[in-house]
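Notes for the one structure printed next.
The values are calculated or read from the model by the stated rules, or taken from the named source; none is laboratory data. Everything quoted here is computed from the prediction, not taken from an experiment. Methodologically, a virtual Cβ is constructed for each residue, glycine included, from the backbone with ideal geometry; neighbour enumeration extends over all protein chains shown. Areas reflect the complete protein model, heavy atoms only, side chains present, ligands, DNA and RNA absent. Shrake-Rupley method; radii C 1.70, N 1.55, O 1.52, S 1.80 Å.
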Amino acid sequence: MSRPLAVLITGLAMLSPAAADTVVVTADRMLDVLASRVVERPQITVTDGRITAIGAQGEAVSPGARRVDLPGVTLLPGLIDMHVHLTSDPRFSGYRRLERTDNFWTVVGVANARKTLEAGFTTVRNVGSANYDDVAIKQGIEDGYVPGPRIVPATYAIGATGGHCDRTQFPPSITAPSPAVADGPEAIRAMVRRLRKYGAEVIKFCGTGGVLSKTDSVGGQQYTLAEMSALVEEAHLLGLKVAVHAHGAAGIKDAIRAGVDTVEHASLADDEAIALARQRGTYFSMDIYDDDYILAEGEKNGVFKESLDKERQIGRRQRETFKAATAAGVKMVFGTDAGVYPNGDNAKQFATMVAWGMTPMQAIRAATVTAAEALGRSSDVGAIAVGRLGDLVGIAGDPLTDVTRLQSMAFVMKGGVVFKGQGATR
């Protein structure tokens, strides 16, 4: 073969489109979370990572398509957890965390990312980690080095000096700077810009005290309305959504007035805060399973006594707030604070949500379509719909009659790649 002809053939080969990767998935039933209905005997086609057809079993299948048949299984969209800390392990709480080197937590995050994906959570919002670890893990997942969910990273959580997002467990003789502490509107604006520069895709800040910080009151407000407004304005200017850690009613209300997108925890929200959230369209992300784990395992894990006392004060009250907010029509998303309890056990919260006022379908929608809306990613995730990413998870049986079935995934597909169950390649 002459060299010019070889070059021509090579060039034509490069111009020829690669064969599309198509997989057809069937199951006994599927949850259509957009319409809140069950579809019997579905057939879903995923091509090059996106859903291209939804039909009924027995319809024509593209030649060369791979098949995954899941008898006895209910398919759901890949689940979304809006509040995780992949680089945390609750067995190392309080001062016990100091027993490990700084980069140990990156390794923890890699392991937890895999557990989270295999538990059926194909997208997570990581709202706080040190050393930009969540960005590193996201990059490792996207480049194919490690398996894990799609990550929306916050990097560091921004906080006031001496507040929940500062390090308050040491005496003045020990210097332990918190890189994202900022006070006053202009310093806060600069911090938002800095975190965005290094990979933040959502901004998280501490508007009130918290449970696991040692010295503050759980509900005390830690940023003024002016400071919150500056932070939210700057983040929104950069195209970033904002999550506020807030337990106390006053801090929750000022955060909503400032324009935050989601309120994390929302434990002590009063009637006015609930009404304000509904009026403004603010989402509540309430980690109501945590109380069980913290009180059962916290002392053994090294949680500060002060933190256990605070948890006893607000645990039940948070669940009562969850029930009231759900009844009032506040938009609720699924957020667990995984890392406070073991990552991979995220789905245990579904049963608690149902026990405190949601139907199983409402709880599932909180972790799918509603969470996708809060992320601003309704075109990509949160539903089994044509055009969205091929994120499918499957369980044996019917989660609408027994929501605890969501704790055991039989099948996990993310972006058209099967990571667990029949057809798994990773």
Most fluctuating residue given options Val84, Val192, Val386, as computed from a GNM of the chain linking Cα atoms under 10 Å: Val386
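Please state the relative contact order of the chain as a whole percent: Cα pairs under 8 Å, 6+ residues apart? Please list the in-between numbers first.
Numbers: 964 pairs, mean separation 81.2, N = 426.
Here the relative contact order equals 19 percent.
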Alpha-carbon centroid distance for the pair region 94-135 / region 269-311, whole angstrom: 21
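Subtracting the Cα-Cα distance from 0.36 nm times the residue separation, let me have the gained length for Asp270 to Thr224 in nm, one decimal.
Values: separation 46, 0.36 × 46 = 16.56 nm, distance 1.88 nm.
Full extension of this stretch gives 14.7 nm more.
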Phi-based couplings in Hz for region 327-337 (Karplus 6.51, -1.76, 1.60; Gly and Pro marked x): 5, 7, x, 5, 6, 10, 10, 7, x, 9, 6
Candidate lysines for bridging to Lys204, where Cα separation is under 16 Å - those fewer than 8 sequence places away on the same chain excluded: Lys241
Modelled FRET efficiency - R0 35 Å, Glu373 with Arg100, Cβ distances, 0.05 increments: 0.40
Accessible solvent surface per residue of the chain, calculated while the other protein chains remain in place, 1.4 angstrom probe, Å²: 41
Label of the coordinate-derived value, volume of the Cα convex hull per residue in Å³, listed as (1) 174; (2) 161; (3) 151: (2)
Computed [θ] at 222 nm, helices only, for the chain once each DSSP H run of length n ≥ 4 contributes -39500 (n - 2.57): -10000 deg cm²/dmol
Residue among Gly78, Gly357, Gly159 with the largest mean-square fluctuation in a Gaussian network model of the chain, springs linking Cα atoms under 10 Å: Gly357
Difference of contour (0.36 nm per residue) and Cα-Cα distance, Ala324 to Arg194: 43.0 nm
3J(HN,Hα) from dihedral phi, region 272-284, Karplus parametrisation 6.51/-1.76/1.60, rounded to Hz, x for glycine, proline: 5, 5, 5, 5, 5, 4, 5, 5, 8, x, 7, 8, 9
Farthest positive-ward along the chain dipole, Cα basis, beta-carbon charges - from Leu392, Pro77, Ile51: Ile51
Neighbourhood charge, 15 Å Cβ-Cβ cut-off, centred on Thr101 and excluding it, Lys, Arg +1 and Asp, Glu -1: -1
Nonlocal amide H pairs with Val418, under 5 Å, H built at 1.01 Å: Thr425
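What is the packing order of peptides 245-258, 34-47, 367-380, 170-183, taking the mean over residues of other C-beta atoms within 10 Å and listing the highest first?
245-258, 367-380, 34-47, 170-183
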Whole-percent carbon and sulfur share, accessible surface of region 131-272, 1.4 Å: 52
Distance-filtered residues of region 364-408 - backbone nitrogen under 12 Å, label point 7 angstrom along Asp21 Cα→Cβ: 390
Separation of the Ser217 and Glu186 label points, Cα + 7 Å toward Cβ, nm: 3.2
